[in-house]
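Peer 1: Before I ask anything, here is the structure I am working with.
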């Protein structure tokens, strides 16, 4: 360990110190990688949710009507419910509480919204399906939840939802619930 | 290389003294001492907070505080105990002992080491400042969401949440810096001849901890950053209204949070076998098996996170996967327990304070581990989840498994660090008081949980009264017993019987070849390991 | 041999520990289960606890034997393990590994699997659907109606009934000004004004959601617990097989009122349940009729005080002082003292009516929680008590008009 500070040639201690710094910087790459991973999890989680129906999330864009055969051998009951979140001065409810559908057959159900305040109020509907396993099989062709909705004071609007239940839906799902939570957006 | 030059001059001119010595030090022992002191102080701060809680829960009805203040105390207690007491204690030992154990002159990145420590005091201030601000009418107090920060509650919360988020950022940076330093030290600074498979267990435990830390702390940092932008900058990561999902926070949080448990425990699992072999006077059993178990546990710890929120509504395949993978952690743990007991088996044991703490640790940590195995069962977890059963369980793993382990380490190494023997009688008294009052505090909580008392409630139905009263009384005994510990440490630092270099009859390893206390610069001549 | 004996001792110890406890009204274990899921949970729990107790006692016994026999003070010499060959070390360390492998994935794993499947079978053969909505800090129940099976089984359809369930322990006991009073009918902190009523023997599919933060609906005797997530819907199920009153609590930290949102369920035999449904429906009709009648100010003030103390006092305080900044004061505030209706009789934006009906951020939308009379009464109360004296009266008919 006898080092002369004025020596031009790097000593073994100096060499080691350089090597240490190098390795330290390499470790920072791992840190950066896992930070990136955390933020990458946001879209990944969304994709995972949409594919697996984890958490009852459904797609937020319209599905394509593929040439699906209607499964005439079984019924699936789809139940509807709604919540209006604090701050949204609307009445909002499904016009029918549940319907029975044949998987593959396109159905239309209506929701009614009324602005009960005396100003323009905008909101966004967030859909959620339970059981989660059914979420990916509820295919929406047209939905008021794809975009924000605004109602004038006192205006009533009937909002249609066109959907079908995919025939691939697991056999044990005979009943499912679609819920809309209507949030206010300022 | 200015660092080298300074270090070089130090050897001749001696290091700066007074406050500047501590502010600017790059010496691994000084930094280790600062970490350990900080940890002890914060242990007392976090402990007093929970004594406030236990005083409130002593009997039904609100007597001392409003529910909001109660919620602030529980969350800050947890953050302080985990981030400011347990983690710095382990880092303190790493700084002190790893260079001694692997025959290195110092830590690999001494300046970084200094920064890593000095981030801690500001973050402790950030955590507790909102309490003081609230007294002056600024804000509504500290973080009141529990240490888990779950949104949307944390999005609703006041400035305490922001302070806690910044504190977590600083604490995270500090741990990452500390970890990088430890990894580099272990990779580059081992004495000639010390291969990885000859490293002391403590070094192994820390190596895996350090990797877990740099892999998971950034995920926590990311999650709380998203929370911050949700709160103030209009993002919707965790807000259903904007297409986000509050449950995603739980995934991110526990992706860090579960490995965190092993981050706290692995360093302890490192020095426990060293203490066992010292006081059993025979080499530890199954070194390789223990190292491989460490790896297995480290790997498993990052793939089991969702067992912290089984009741959040996960699909059945996910429930089954997380249940079985969680149960799988018990396999390497069983190997570790076997090795620890086999190390004692047919040894020649004596029971000085470190050994007492270690034996007590094995038993109590065993209870924590076994109840964890039961908690892995999804169906029963619906009952245990967020009840006092869980509170009791994780205090068996983190107080018994963490803090009592650290205490074993303190008694084991204190003579080496200070050059004085601690007061053995007081040490033993401290152990017995701690072990008994700990059990009396937390065993009633198992039953409270089974009977249906949820955690984090400031007041409770009368059916829970008796157990809460027992638990509160025992908690105060437990808290006050720690003053013996503090007194014992202070008087050992100030004087006492001279410790020999080997200190313990059965101690083996490089750190025991140095003088007690070791010279300011250890191993100026690097030893060679055969 | 030793292991066998140890096992027996362990088992004996376990029984010794649990026997008197089983007598003490399950205070030492889960409370008496009343649903198939809770029963199953209790069985699984008992079995697993027994297994870990045996493991614990066996290991502890071996350790204690060693601690006694292998002490230096009695002159025991350390017997070093003859540098074990890798093979023997692997063999020995694999033993605990394999034991745990069998326990985890066979002895515990198989029953655990069946329990999970049962717990998640929320829909098949269900008789009725109930929607539970958590809000800070109360539960709202909405009967969504029978399933086909329920109607076939002759279950009375309760569809359309919905109500709010608030803690009924008086505020002065909750805030600690008077000591807790506990009666068997109304235990301290575990009773509500409107209990959830369920028919005995019917499988109820429960949908869970929330309007603000996370909540968790939990009744220990039902064995089911599920998170209520704002914007999302979750489900669980209960089938109460024994008539009685069952109590539970929210178990996800949801703010300062977390300890004060109990769940109370009355499970009634089918006939009594039918009578309750009829009564409740009648009540709803009467309330609707009540909305059309003209109320005097005194009547409104009297009912308004009751409604206020039950629903509003937890945040805005009984005095109306609030807890700023989170919960604003009502005394002298702009909203409670300014004009409600415009010249046409429509309520103004950000008026008292707007805020109570529709809520904002932390303030719930009370239109979903209270009926016309209650809203009219509480607004009248807030404007003419709590230090305010605006002097006007809001009639239930005006609320009825406002919410349509």
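The values are calculated or read from the model by the stated rules, or taken from the named source; none is laboratory data. In this text the structure is predicted, and so the values were computed from the model without any measurement. Counting neighbours? That spans all protein chains shown, and the Cβs are built from the backbone with ideal geometry, glycine included.
Peer 1: Looking only at segment C:347-382, count how many residues are in contact with a helix residue (DSSP H, G or I) (Cβ under 6 Å, 6 or more places away or on another chain) and in contact (Cβ under 8 Å) with a residue 24 or more places away in the chain.
Peer 2: Number of matching residues: 19.
Peer 1: Considering only segment C:109-132, how many residues are more than 7 Å from every other protein chain (Cβ to nearest Cβ) and more than 29 Å from residue C:265 (Cβ to Cβ)?
Peer 2: Count: 1.
Peer 1: Sort through B:303, B:335, B:374, B:359 and tell me the only one that's more than 9 Å from chain C (Cβ to nearest Cβ) and modelled with pLDDT of 90 or more.
Peer 2: None of the others qualify; the one that does is B:303.
Peer 1: Further question on the same structure: In segment C:68-98, how many are under 29 Å from residue B:292 (Cα atoms), more than 7 Å from chain B (Cβ to nearest Cβ) and modelled with pLDDT of 85 or more?
Peer 2: 3
Peer 1: Could I ask something else about it? Select the helices (runs of 4 or more DSSP H) contained entirely in segment B:332-427, then report the ones holding at least 1 residues which are more than 24 Å from residue B:489 (Cα to Cα).
Peer 2: Counting at least 1 such residues, we get B:353-375, B:378-384, B:388-395.
Peer 1: It is to be established whether one or more residues within segment A:99-119 are surrounded by 15 or more Cβ atoms within 10 Å (Cβ to Cβ) and under 23 Å from residue B:312 (Cβ atoms).
Peer 2: no
Each row is one residue, and each column tells you yes or no for (1) touching a strand residue (DSSP E or B) at 6+ places or on another chain (Cβ under 7 Å); (2) outside the structural domain of residue C:34 (by TED's automatic domain parsing); (3) not in a strand (DSSP E or B).
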residue	(1), (2), (3)
C:144	yes, yes, no
C:149	no, yes, yes
C:169	no, yes, yes
C:184	no, yes, yes
C:189	yes, yes, yes
C:197	yes, yes, no
C:216	yes, yes, no
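Peer 1: Given the residues B:472, B:491, which is the only one that is buried (at least 17 other Cβ atoms within 10 Å of the Cβ) and under 26 Å from the mean Cα position of the chain (by Cα)?
Peer 2: B:472
Peer 1: Can you find even one residue in segment B:52-62 that is away from chain C (no Cβ under 14 Å) and touching a residue at least 12 places away in the same chain (Cβ under 8 Å)?
Peer 2: Among the residues of segment B:52-62, at least one is away from chain C (no Cβ under 14 Å) and touching a residue at least 12 places away in the same chain (Cβ under 8 Å), which makes the answer yes.
Peer 1: Also: Only one residue in A:37, A:111 is within 12 Å of chain B (Cβ to nearest Cβ) and either modelled with pLDDT of 85 or more or outside any loop (DSSP other than H, G, I, E, B) (or both). Which one?
Peer 2: Result of the check over A:37, A:111: A:37.
Peer 1: Name the residues in segment C:279-295 that are within 17 Å of residue C:195 (Cβ to Cβ), more than 24 Å from the chain's Cα centre (by Cα) and touching a residue at least 12 places away in the same chain (Cβ under 8 Å), would you?
Peer 2: Matches in segment C:279-295: C:281, C:284.
Peer 1: Are there any strands (runs of 3 or more DSSP E) wholly within segment A:130-186 with 2 or more residues that are within 14 Å of chain B (Cβ to nearest Cβ), and if so which?
Peer 2: Here the list reads A:175-184.
Peer 1: Select, from A:76, A:70, A:101, A:106, the only residue that is more than 9 Å from chain C (Cβ to nearest Cβ) and over 25 Å from the mean Cα position of the chain (by Cα).
Peer 2: So the residue among A:76, A:70, A:101, A:106 that is more than 9 Å from chain C (Cβ to nearest Cβ) and over 25 Å from the mean Cα position of the chain (by Cα) is A:70.
Peer 1: Cβ contacts < 7 Å: first residue assigned by TED's automatic domain parsing to the domain that holds residue C:103, restricted to segment C:42-61; second residue outside any helix (DSSP H, G or I) and surrounded by 17 or more Cβ atoms within 10 Å (Cβ to Cβ), any location; separation 6+ or different chain. Result?
Peer 2: Sorted first by the residue in segment C:42-61, then by its partner, the pairs are C:42/C:30; C:42/C:33; C:44/B:377; C:45/C:30; C:48/B:377.
Peer 1: While we're looking at this one, here's another question. Considering only residues that are closer than 30 Å to residue B:58 by Cα and either outside any helix (DSSP H, G or I) or at pLDDT below 90 (or both), which ones fall in segment B:465-500?
Peer 2: Passing the criteria: B:465, B:466.
Peer 1: For segment C:167-181, which positions are modelled with pLDDT under 90 and surrounded by 16 or more Cβ atoms within 10 Å (Cβ to Cβ)?
Peer 2: Listed by number, the residues that qualify are C:168, C:169, C:171, C:173, C:174, C:175, C:176, C:180.
Peer 1: Pick from segment C:202-214 the residues that are outside any strand (DSSP E or B) and over 16 Å from residue A:85 (Cβ atoms): which of them is farthest from the other protein chains (Cβ to nearest Cβ)?
Peer 2: Pass one, segment C:202-214, residues outside any strand (DSSP E or B): C:202-203, C:211-214.
The next check asks that each one be over 16 Å from residue A:85 (Cβ atoms); those that pass are C:202-203.
Numbers: C:202: 15, C:203: 12 Å.
Selected residue: C:202.
Peer 1: For segment C:255-277, give me each residue that is under 22 Å from residue C:209 (Cβ atoms) and more than 12 Å from the chain's Cα centre (by Cα).
Peer 2: Matches in segment C:255-277: C:255, C:256, C:257.
Peer 1: Test each condition in (1) within 26 Å of residue B:190 (Cα to Cα); (2) more than 11 Å from every other protein chain (Cβ to nearest Cβ) for residue B:283 and report the one that comes out false.
Peer 2: Residue B:283 satisfies all of (1) within 26 Å of residue B:190 (Cα to Cα); (2) more than 11 Å from every other protein chain (Cβ to nearest Cβ) except (2).
Peer 1: Identify the single condition in (1) more than 8 Å from chain B (Cβ to nearest Cβ); (2) under 20 Å from residue B:368 (Cα atoms) that residue C:59 does not satisfy, given that it satisfies every other one.
Peer 2: So residue C:59 meets the others, but not (1).
Peer 1: Another question about this same structure. Could you say which residue among C:191, C:185 is surrounded by fewer than 16 Cβ atoms within 10 Å (Cβ to Cβ), under 21 Å from the mean Cα position of the chain (by Cα), more than 8 Å from every other protein chain (Cβ to nearest Cβ) and within 23 Å of residue C:273 (Cβ to Cβ)?
Peer 2: C:185 is the lone residue from the list that is surrounded by fewer than 16 Cβ atoms within 10 Å (Cβ to Cβ), under 21 Å from the mean Cα position of the chain (by Cα), more than 8 Å from every other protein chain (Cβ to nearest Cβ) and within 23 Å of residue C:273 (Cβ to Cβ).
Peer 1: Pull up segment B:123-156, narrow it to residues that are within 11 Å of chain C (Cβ to nearest Cβ) and free of Cβ contacts under 8 Å to residues at least 24 places away in the same chain, then point me to the one that is surrounded by the fewest Cβ atoms within 10 Å (Cβ to Cβ).
Peer 2: B:137
Peer 1: Considering only segment B:308-332, state which residues are crowded, with 21+ Cβ neighbours inside 10 Å, more than 7 Å from every other protein chain (Cβ to nearest Cβ) and within 17 Å of residue C:99 (Cα to Cα).
Peer 2: Of everything in segment B:308-332, those that are crowded, with 21+ Cβ neighbours inside 10 Å, more than 7 Å from every other protein chain (Cβ to nearest Cβ) and within 17 Å of residue C:99 (Cα to Cα) turn out to be B:326, B:329, B:332.
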